[in-house]
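FYI, it's all coordinate maths here, none of it is from the lab. Just so it is clear, the model here is predicted, and its values are computed rather than measured. Glycine also receives a Cβ, built like all others from the backbone with ideal geometry; neighbour counts cover every protein chain displayed.
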């Protein structure tokens, strides 16, 4: 856990999404565990970034944790695929 109260995984997931999705904002939630919520622009899809996992809520829901993948980077790559599958425009110009 860093000084900002986020895990390295959370910071990496936010950076990955912010690099490919325009106008994205995360809000900090939770009492026992700090997690981040993000409404994805233009569609009825949102996601939660937990200390070691992600939930995507939309037309194609998806949930996974770091333990499901060999590395956190693999989970983040798969998260981006799930976000794209829900119709999020990932073409920042």
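Does residue 75 fit the bill of being touching a helix residue (DSSP H, G or I) at 6+ places or on another chain (Cβ under 6 Å) and either outside any loop (DSSP other than H, G, I, E, B) or crowded, with 17+ Cβ neighbours inside 10 Å (or both)?
yes
I'd like to know if region 17-38 contains one or more residues that are under 22 Å from residue 89 (Cα atoms), touching a residue at least 60 places away in the same chain (Cβ under 8 Å) and within 10 Å of the chain's Cα centre (by Cα).
The answer is yes; a qualifying residue exists.
Tally time: how many residues in region 25-37 are assigned to a strand (DSSP E or B) and under 16 Å from residue 7 (Cβ atoms)?
6
If only one of 83, 88, 54 is touching a strand residue (DSSP E or B) at 6+ places or on another chain (Cβ under 7 Å), surrounded by 18 or more Cβ atoms within 10 Å (Cβ to Cβ) and part of a loop (DSSP other than H, G, I, E, B), which one is it? Explain how you work it out, then say what you get.
Working: 83 fails: part of a loop (DSSP other than H, G, I, E, B); 54 fails: part of a loop (DSSP other than H, G, I, E, B).
Going through 83, 88, 54 in turn, the sole match is 88.
Taking region 57-68, which residues are over 18 Å from residue 33 (Cβ atoms) and surrounded by 15 or more Cβ atoms within 10 Å (Cβ to Cβ)?
Across region 57-68, the qualifying residues are 58, 62.
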